[in-house]
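Below: one structure, written as structure tokens.
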Amino acid sequence: MKMQKATKGAILKHRIREMGYTQEEFSEVTGVAYSTLKKYLADKCPYDVDLLELFAEKLECSYDYLMGYSKSPDRNLQSVKDATNLSDKAIEKLMEYAKYYEKSEYYKLNIDTTSKIIESEGLVDTIAQYIAPVQETEMAYAQIQQLIADNNYSLRIPLESGVMITVINEVNLLKYQ
């Protein structure tokens, strides 16, 4: 079954709600008559460029998002999201770490750890199996131990068989030597 693309009106309606406005409030904030806004929400009339710019500004999103070309409302996240398929929250967290990279050992360690996990052949797959509920915990444990040894990593916390690691960056599982 093919998924239908959301209409411009549906996207606008969703974003208005997401930003905490009622339709009436958004009409007032933008200076667009409520009856006219209802036509845009119902896809009865197209946006002009000036109106699209106004809506994007008030709704803190990109033009592409309002037109249905972008999955993420955040202008800064869209190209990264397109390239990686990471969630907005994951990208925002990485951007937070990057912002303080030079100022904080904590953030530097998180970025470096994430980089090394992604760069390590097979490590992401093993961690994904380990994070997800798995039947063969012993096998996942052995695989992680072997990858750590093969890639010259050292454990920053004791890892015991059966432990399910849920947030790798928060506990700094690996440190590159």
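The values are calculated or read from the model by the stated rules, or taken from the named source; none is laboratory data. Since this is a predicted model, take the numbers as computed values, not measurements. All Cβ positions, glycine included, derive from the backbone under ideal geometry; neighbour counts span all protein chains shown. Areas reflect the complete protein model, heavy atoms only, side chains present, ligands, DNA and RNA absent. Shrake-Rupley method; radii C 1.70, N 1.55, O 1.52, S 1.80 Å.
Observations on the model:
- Any pair with Cβ under 6 angstrom, 6 or more apart, that starts in region 4-30 at a residue that is touching a residue at least 12 places away in the same chain (Cβ under 8 Å) and of a type in the set (K, R) and ends at one that is open to solvent by less than 60 Å² (accessible area, probe 1.4 Å) and part of a helix (DSSP H, G or I): K13/L41
- Of all residues making up region 83-109, the number that are under 10 Å from the mean Cα position of the chain (by Cα) and outside any loop (DSSP other than H, G, I, E, B): 8
- Flag for V32 being of a type outside the set (D, E, K, R) and over 23 Å from K5 (Cα atoms): yes
- Hits in region 72-123 - residues which are β-branched (V, I, T) and open to solvent by 40 Å² or more (accessible area, probe 1.4 Å): V80, T84, I118
- Those residues of region 43-90 which are at pLDDT below 80 and of a type in the set (V, I, T), in sequence order: V80, T84
- Residue satisfying condition, being open to solvent by less than 70 Å² (accessible area, probe 1.4 Å), under 24 Å from L86 (Cα atoms) and touching a helix residue (DSSP H, G or I) at 6+ places or on another chain (Cβ under 8 Å), within set Y65, Y21, Y47: Y65
- Just one of the listed residues (G20, G9) is out of contact with any Pro (no Cβ under 9 Å at 6 or more places or on another chain), closer than 17 Å to P73 by Cα and outside any helix (DSSP H, G or I), namely G20.
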